[in-house]
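Colleague: Submitted below is the structure of interest, expressed as structure tokens.
The values are calculated or read from the model by the stated rules, or taken from the named source; none is laboratory data. Just so we're clear, the structure is a prediction, and the values are computed from it rather than from any experiment. FYI the Cβ positions are ideal-geometry reconstructions off the backbone, even for glycines, and counts take in every protein chain you see. Each accessible area value is taken on the protein alone, full model and side chains, heavy atoms only, with ligands, DNA and RNA left out. Shrake-Rupley method; radii C 1.70, N 1.55, O 1.52, S 1.80 Å.
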Amino acid sequence: MLYLELLIQGIIYGSMYAIIAVGLTLVYGLLRILHVAHAGLFALGGYLGLLITNATGSLLLAMPLAAAGVGLVGMVVYRLCYHPILDRPPYVALIASIGLFIAMEEIYRLVFGPYGLTYNDVPLQSQIAFLGMNLRTAELAIVFGSVILLGTLSYLAQKTRIGVAWKATVDDPQMAASFGIDPLKVRYLNFFIGSGLAAIGGIFISLLSNLVEPTMGGVPSYKALAIIVLGGLGNVTGTLIASLVLGVVEAFGTIYIGHLMDRDAIAFAFLILVLMIRPQGMLSGR
Amino acid sequence: MGIYEVSLATIVLINIILALGLNMITGFCGQISLGHAAFYGIGAYCTAILAKAGFPPAVTLLCGLILAGASGVVVGLASLRVREDFLAITTMGVGFLFLGIVRQQEALGGELGISSIPSAGMSKIGFMLFVLVLAALAAAFSLFIKRSWMGFAFDAVADDEDTARVLGLDVAAYKLSAFAMGTAMAGLAGGLYTYFARFIVPDDFGFITSITVLSMVAVGGIGSVFGVMAATVVLTLMPEFFRFISDYKLLVYGALLFTVMRFAPGGLAGFLQTALRIRKARGETG
């Protein structure tokens, strides 16, 4: 019974990681940038979602609005931050991204206050009996929400013109450009979708903790960086598998080796272990 | 010099040793590390425990240096397995692993850290001069390495690892030596910090510290000894200059980091070189 409970907890966290990590892996797959400022967009999503929910009382309205808003900010981030330095060595974009993330955290702290915000009335907190366990509706919503969102995304990527254009650009930017696909448009779309997903992730985590604070993006995003590396960098399927595996490893690890190291350290110990055995990640890259 | 200026000068000098250590790894040898603070922490904790057990500074500092250098070799082994972005995330993981383990150990003081560490037995000014001598030695050592045969080999590894290997360089040995020397310097800096603060907590050695050190190296101009030293002085003192806007100092820090990378990706050294070249070119034509 304990095993099943840990497995379910792992899947809940894993789905949340997946929502954050897919955005990161999209950016990496297209531009080869470790996009640390993704964490800032994740937190912005949490803030927007909470503020809109508190103002209107509707979480269903808040989610798409926050996702669209953060998606637009993500496009601005690409234009101002990454677009001008794409031809520089990778550490340049990495450090610029970290600088941007620090600045974003500080803006949230100055605008929304250091102690964080809470929901007036936290949505989706009723208990549901599931396989003999009591789960919160929010936890189920995270799992199903992630499956639906990522499923839709993968469907769109395969079936629509724009999805095909996007995949072509990821595979071979030059060839795609010579077929008349505008790489800039693809990048904007990429940042819009990735950042929108991060916003949803931010809202999900705020439903579990009923707290949105300036530094909330840090740890989940560092773990998402670990996940995209585990998944083979830029490999979307690998990222999804790695998210779930990491969620489950963390859930079991906290019980069995929690006295040796904390939850975050377990995640990174697992990362290092896997990379030493398979340096290209669990599923190798493209 | 008042007490305040002496403390400020001491911390600047400690940071110079720390940053020159990372410059050895990232600057000279081209191996990016996002976990430098872990070695700073290993040196600090080792020194703190030995100092509390009654050993004199000469012994404790040396032990801190050796232990950090030895751990550096172990992490250096990872750099033989993984490269570039994979290495960046692996070293980031090492940082979180160190924090996560220290936090759970009663013997290391857990979250509360180690307090009432005995002093180094010098006056504040005496200690500052002691650190000054060590920082000067670290700078001289860096310059010596840079201009030696080993410096050329590091350059080759940083430039193109595979070509270096074809030329018959023992790439693995050079990478390991860079990690050993760089992390040993971080361990020394950590020991000095222990005697300076006489109170250490895990968060002193977190991800933010690693990033701060990396930004010193990047802003200074990767690989330039004098550039890194200048950037360390500026970035360490900057929060003090901006104390009149204390609430915004991190925002300014993040924004500056972003701006430097965005507009002068070669850092201060690169910026100066470009400026000199332009002046020279103007001089020649006009």
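Colleague: For chain B, how many pairs of lysine residues have a Cα-Cα distance under 29 Å, where the two are 8 or more positions apart or belong to different chains?
Modeller: Value for chain B: 4.
Colleague: Quick check: residue separation of A:Ser209 and A:Ile128 times 0.36 nm, minus the Cα distance between them. What number comes out in nm?
Modeller: 27.4 nm
Colleague: Going through the DSSP H helices of chain A, which span 20 Å or more along their own axis at the Cα atoms while scoring at least 0.5 as a mean Kyte-Doolittle hydropathy?
Modeller: A:2-31, A:38-56, A:59-77, A:90-112, A:137-159, A:183-209, A:236-256, A:263-277
Colleague: What length, rounded to one decimal in nm, is gained on full extension from A:Ile255 through to A:Met175, with 0.36 nm per residue of separation minus their alpha-carbon distance?
Modeller: So the chain would gain 23.8 nm between A:Ile255 and A:Met175.
Colleague: A further question follows. Out of all Cα-Cα pairs in chain A, roughly what percent, to the nearest whole number, are more than 32 Å apart?
Modeller: Tail fraction, whole percent: 23.
Colleague: If you roll a 1.4 angstrom probe over the protein chains with everything in place, what fraction of the accessible area of the protein assembly as shown belongs to carbon and sulfur, to the nearest %?
Modeller: Accessible surface attributable to carbon and sulfur in the protein assembly as shown totals 68 percent.
Colleague: Also: Over region A:190-286, what per residue volume does the convex hull of the Cα atoms give, in whole Å³?
Modeller: For region A:190-286, the hull spanned by Cα atoms encloses 107 Å³ per residue.
Colleague: Which number do you get for Rg(Cα) / (2.2 N^0.38 Å) in region B:86-199?
Modeller: 1.40
Colleague: At R0 = 51 Å, how high is the FRET efficiency between B:Glu106 and B:Asp162 if r is their beta carbon distance? Nearest 0.05 is fine.
Modeller: About 0.60, to the nearest 0.05.
Colleague: On to the next question. To one decimal place, what orientation-averaged projected area in nm² is obtained for the convex hull of the Cα set of the protein assembly as shown?
Modeller: Taking the Cα atoms of the protein assembly as shown, their convex hull projects to 29.9 nm² on average.
Colleague: Taking just the C-alpha trace of region B:1-49, give me its Rg and Dmax in Å.
Modeller: Rg then Dmax for region B:1-49, in Å: 13.4, 40.
Colleague: List the extent of the Cα atoms of region B:3-206 along each of their three principal axes, largest first, rounded to whole Å.
Modeller: 53, 36, 27
Colleague: Once you wrap a convex hull around the alpha carbon atoms of region B:144-230, what is its projected area averaged over all directions, in nm²?
Modeller: 6.8 nm²
Colleague: When ligands, DNA and RNA are left out and all protein chains stay put, how many square angstrom of accessible area per residue does region B:100-241 have with a 1.4 Å probe?
Modeller: 43 Å²
Colleague: Taking 25 °C and 0.890 mPa s as the conditions, I'd like the Stokes-Einstein D for region A:242-286 in µm²/s, using the Kirkwood hydrodynamic radius from alpha carbon pairs.
Modeller: For these conditions, the coefficient is 224 µm²/s.
Colleague: Follow-up. Along the Cα→Cβ direction, 7 angstrom out, place labels at A:Ile162 and B:Met238. What is the inter-label distance in nm?
Modeller: Distance between the two pseudo-spin positions: 3.8 nm.
Colleague: Working only with C-alpha atoms, what are the Rg and Dmax values of region A:1-115, expressed in angstrom?
Modeller: Final numbers for Rg and Dmax: 16.6, 54 Å.
Colleague: Suppose R0 equals 41 Å. What FRET efficiency, 1/(1 + (r/R0)^6) with r the Cβ-Cβ distance, do A:Asn54 and B:Arg81 give to the nearest 0.05?
Modeller: Calculated transfer efficiency: 0.25.
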